[in-house]
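Colleague: I'd like to ask some things about the structure below.
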Amino acid sequence: MKKLLLSICVLFTIITQSFAGGNDEGMWLPLLLSQKNYNDMVKHGLKLNADQLYSVNNSSIKDAIIWFGGGCTGEVVSGEGLVITNHHCGYDAIASASTAEKNYLQNGFWAYNKEQEIPAKDLSVQFLVRMEDVTEQVMAGLKDIPYEDWNKKIGEVTKPIISKAKEGTHYEAFVREMFKANQFYLFVMEKFTDIRLVGTPTESIGKFGGDVDNWMWPRHTGDFSMFRIYAGKDNKPAAYSKDNVPYKPKKFLPVSLKGVKEGDFAMIFGFPGRTNRYETSMGVKLAIDETNPSIVKLRDKRLSLMKKEMDKDVTIRLQQASRYAQIANYWKYFIGQTEQLKKNKVYDRKVSEETAFKAWASNKAEFASLFTNLEKSYTEYQPYNKYGVYMREGIFGTPLFSFASAFYDLNKVLEKSPVDSVALKATLAVVKMRYDMFIKIYNPTIDQNIAGAMLQMFYEDIPASQHPAFMSTILKSKGKTTEEKCNAFAAMVYKKTFLTNAAAFEKFLANPDQKKMMKDPAIQTALAFLSNYNDNYKKYADAFQLSVAKEGKAYVKGLMMMQPDRMFYPDANSTMRTTYGNVKSYDPKDAIHYHYLTNLSGVMQKENPGDPEFEVPAKLKELYLKKDYGQYKDATGEVPVGFITTNDITGGNSGSPVIDGEGNLIGTAFDGNWEAMSGDIAFDKDLKRTICVDVRYILFIIDKFGGASNLINEMILVK
Ligand code: ARG
């Protein structure tokens, strides 16, 4: 007994240490920096005062940061609304602006004056006006409501808070849960929609290293692009107009030419998308054993079918480029996450954390059944997990079937008699929107090949007892093997569907006929898989998600009680966060040391003519040979390209400013490192690094490679 107690105590200490922030772990809420982190930041090397980081009344760093396009971050670097973000964040806008003749993706683009800037139609950016802890108000509204009904009620409860925040302004506002719904915060945002492309290097610089180097250090990618925010004459958001003027920001970041060295302070402000740091061992196991490998397998196939066609024709490549990059990015992410969850023993770590928690909770009724409930939920859900993955990533990884699934709701509306005309109008609008998204990426050959392959994989990998009855129709198609049958079925679908015919689709929209719709083989297929799911398996997924959310909320609450001295931070949820740390090298493996900085000579070492991922543009080579580096070289005479820091970021932070202790821009964050790909679930203090483009490389490319000194002149350079 004594021995047991002792080992539990030891466990406690280990866990408290591994939990207790301070290791540069943490995506902190900017509002709370002054109260929670400021002293520690100063210890790390910060020279600014807390008010310069986040303030509602005075301009502060937060006013120079934008949520870029809803999935990335950007920073304002001039008094005229000039923005830097990543190349991969501007990728869709760059590809959309490109044609076979004016191929900006391939050749780069620089606006030498404002008239040359290109409107990026679908892009918008948002500034954070302020944030506020509204936990008390929200909890008061939810007080007598069982957790099971929170989702239904939350809109009603937060509505007055949001209305009040927006009152008399042009702002947008939303409330987000934190700490698995133990707290709630209000975010007030200002959204701008007239955004223009200002500059981008060639893809051979902006995506140098491609998918081979993606998620890895050492890195030599010039992953940046530039945009400008435009506003009405009153400096307020306005729809695109040629009369709009460059936005005058409350704050913009000066740019440092000083360079970085080991140990330098570095902080990042941005909009990290999603982490699950309080995930349990059961969640880790399901991801490793089943979910991640399934996603990788399905994406593998889709990517190879896309690539085959993209390599044949530049127009197809431009059309598919952005989608391909997105699929490839998370294909590799899930490979890396699985590998590192295993290598970094995340499952074991979670189990020992849970063992300690269970010991602490053993005499507390509130938490007594937490883990037994969870175990039961995982056991009940597991047999159906794959169906959801194969439906989302496989069947609906086929653009046509994904679009066709929009007809599920339309069918429900048309089924009723009389038809609710308001609901009909709204549903048709959604169908039209989904059509526009689909047609932009539709390529008949790629689509049909993916459809055949995904149907086959579903057939082979999902238990027969779960197949929709429609599977037998598919298998009646001509062919000897399942592969031939699925492909023949897909060929029939693409030949007969009216969804790929603009005129026929418009005609249908004008007069939606349920019979015609339900005869369409693409809609039949999509609805067969979706209805089967909704009727038979969704209930398991819903019950599972509810249980994981509910017990997860209790777990975080319990952890906070168990470790009153630990500094907790909420999981990423696309709201603004700050992370701080230092420039730091690391040791990925025995006998290997990774320096914190890469240089242009490293780009040349990786050069591999003929391999599109490692091509070096002639102009860059020329600058390298002439050592024409101007003011952008460092003391060694090299142009730095990338560096790494101990900051805690995730997807969504892409494009975030890396800021020194004085508040100057030193780089732009663009990736995480391979050895810490388990990071969204567990932070590893020895291995986790943020990969940044050195701002001197950005300036060098703009100036010497792009010749856009007009942009350099707009910025404030600090020497
Ligand atoms: N891994 C990076 C991120 O998610 C994106 C890099 C894009 N480059 C690429 N080769 N896919 O932030």
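Colleague: Could you please find all residues in region 328-346 being of a type in the set (Ser, Thr, Tyr) and either within 12 Å of the ligand (Cβ to nearest atom) or crowded, with 21+ Cβ neighbours inside 10 Å (or both)?
Modeller: TYR330, TYR333
Colleague: Here's something else I'd like to know. Inspect all residues belonging to region 606-615 and state whether any of them is of a type outside the set (A, V, I, L, M), surrounded by 21 or more Cβ atoms within 10 Å (Cβ to Cβ), on the phi < 0 side of the Ramachandran plot and more than 15 Å from the ligand (Cβ to nearest atom). Don't jump to the end; show me each part of the working.
Modeller: First, pick out the residues of region 606-615 that are of a type outside the set (A, V, I, L, M): 606-615.
Imposing the further condition that a residue be surrounded by 21 or more Cβ atoms within 10 Å (Cβ to Cβ) reduces the set to none.
No - not one qualifying residue is present in region 606-615.
Colleague: Select, from ASP686, ASP671, the only residue that is surrounded by fewer than 17 Cβ atoms within 10 Å (Cβ to Cβ) and either at pLDDT 95 or above or away from the ligand (no atom under 16 Å from the Cβ) (or both).
Modeller: Matching residue, one of ASP686, ASP671: ASP686.
Colleague: Oh, and also: Within the set of pairs 6 or more residues apart or between chains, which connect a residue that is over 10 Å from ALA100 (Cα atoms) inside region 315-330 to a residue that is within 10 Å of the ligand (Cβ to nearest atom) with Cβ atoms less than 7 Å apart?
Modeller: So the pair list comes out as SER322/TYR91; ALA325/HIS88; ALA325/TYR91; ALA328/ASP211; ASN329/ASN214.
Colleague: Confirm whether GLY652 is touching a residue at least 24 places away in the same chain (Cβ under 8 Å), over 20 Å from PRO218 (Cα atoms) and either β-branched (Val, Ile, Thr) or within 14 Å of the ligand (Cβ to nearest atom) (or both). Lay out the reasoning, then the answer.
Modeller: Details: touching a residue at least 24 places away in the same chain (Cβ under 8 Å): yes; over 20 Å from PRO218 (Cα atoms): yes; either β-branched (Val, Ile, Thr) or within 14 Å of the ligand (Cβ to nearest atom) (or both): yes.
Judged against the criteria, GLY652 is a match.
Colleague: So which residues in region 691-719 are assigned to a loop (DSSP other than H, G, I, E, B) and of a type outside the set (Gly, Ala, Ser)?
Modeller: Within region 691-719, the subset assigned to a loop (DSSP other than H, G, I, E, B) is 706-708, 715-716, 719.
Those that are assigned to a loop (DSSP other than H, G, I, E, B) and of a type outside the set (Gly, Ala, Ser): MET715, ILE716, LYS719.
Colleague: While we're here: State which residue is surrounded by the fewest Cβ atoms within 10 Å (Cβ to Cβ) when the search covers only region 66-117 and only residues that are of a type in the set (Asp, Glu) and over 21 Å from SER709 (Cβ atoms).
Modeller: By that ranking, first place goes to GLU101.
Colleague: From the list GLU136, GLU172, GLU167, GLU156, which residue is surrounded by fewer than 18 Cβ atoms within 10 Å (Cβ to Cβ) and under 26 Å from the mean Cα position of the chain (by Cα)? I'd like the intermediate steps shown before the answer.
Modeller: Numbers: GLU136 fails: under 26 Å from the mean Cα position of the chain (by Cα); GLU167 fails: under 26 Å from the mean Cα position of the chain (by Cα); GLU156 fails: under 26 Å from the mean Cα position of the chain (by Cα).
Of the residues listed, the single one that is surrounded by fewer than 18 Cβ atoms within 10 Å (Cβ to Cβ) and under 26 Å from the mean Cα position of the chain (by Cα) is GLU172.
Colleague: Can you list the strands (runs of 3 or more DSSP E) found entirely within region 154-244 that contain at least 2 residues being acidic (Asp, Glu)?
Modeller: Strands (runs of 3 or more DSSP E) meeting the threshold: 172-178.
Colleague: What's the number of the condition GLY651 fails, among (1) part of a loop (DSSP other than H, G, I, E, B); (2) over 18 Å from ASP211 (Cα atoms)?
Modeller: Among (1) part of a loop (DSSP other than H, G, I, E, B); (2) over 18 Å from ASP211 (Cα atoms), GLY651 violates only (2).
Colleague: For residues that are within 16 Å of the ligand (Cβ to nearest atom) and of a type in the set (Phe, Trp, Tyr), scanning just region 186-244, find the one that is nearest to PRO119 (Cα to Cα).
Modeller: The qualifying residue nearest to PRO119 (Cα to Cα) is PHE224.
Colleague: Could I ask something else about it? Just need a number here: residues in region 560-607 that are within 26 Å of LEU128 (Cβ to Cβ) and more than 25 Å from the chain's Cα centre (by Cα). Break it down into steps so the answer makes sense when it comes.
Modeller: In the first step, residues of region 560-607 are kept if they are within 26 Å of LEU128 (Cβ to Cβ); the result is 560, 567-582.
In the following step, the residues that additionally are more than 25 Å from the chain's Cα centre (by Cα) were identified as 560, 567.
So the answer is 2.
Colleague: Six or more apart or on different chains, Cβ under 6 Å: which pairs go from a residue in region 672-692 that's more than 23 Å from SER281 (Cα to Cα) and touching a residue at least 12 places away in the same chain (Cβ under 8 Å) to one that's within 13 Å of the ligand (Cβ to nearest atom) and aliphatic (A, V, I, L, M)? Could you list them?
Modeller: THR690/ILE649; THR690/ALA669; CYS692/ALA669
Colleague: Checking ASP300 against (1) within 27 Å of TYR459 (Cβ to Cβ); (2) under 21 Å from the mean Cα position of the chain (by Cα); (3) buried (at least 16 other Cβ atoms within 10 Å of the Cβ): exactly one of these is not met. Which one?
Modeller: Here ASP300 clears every test but (3).
Colleague: Have a look at ASN86, ASN49, ASN58 and point out the one that is touching a Ser or Thr at 6+ places or on another chain (Cβ under 6 Å) and of a type in the set (S, T, N, Q).
Modeller: ASN86
Colleague: Considering region 493-517 alone, what residues qualify as being in contact with a helix residue (DSSP H, G or I) (Cβ under 8 Å, 6 or more places away or on another chain) and loosely packed, with under 14 Cβ neighbours inside 10 Å? Reasoning before the result, please.
Modeller: Within region 493-517, the subset in contact with a helix residue (DSSP H, G or I) (Cβ under 8 Å, 6 or more places away or on another chain) is 493-494, 496-500, 502, 505, 508-509, 512, 514, 516-517.
Residues satisfying the conditions are LYS496, ALA502, LEU509.
The values are calculated or read from the model by the stated rules, or taken from the named source; none is laboratory data. Since the model is a prediction, treat every value here as computed from it, not as a measurement. Here the Cβ is made from the backbone with ideal geometry for all residues, glycine too, and neighbour counts use every protein chain on show.
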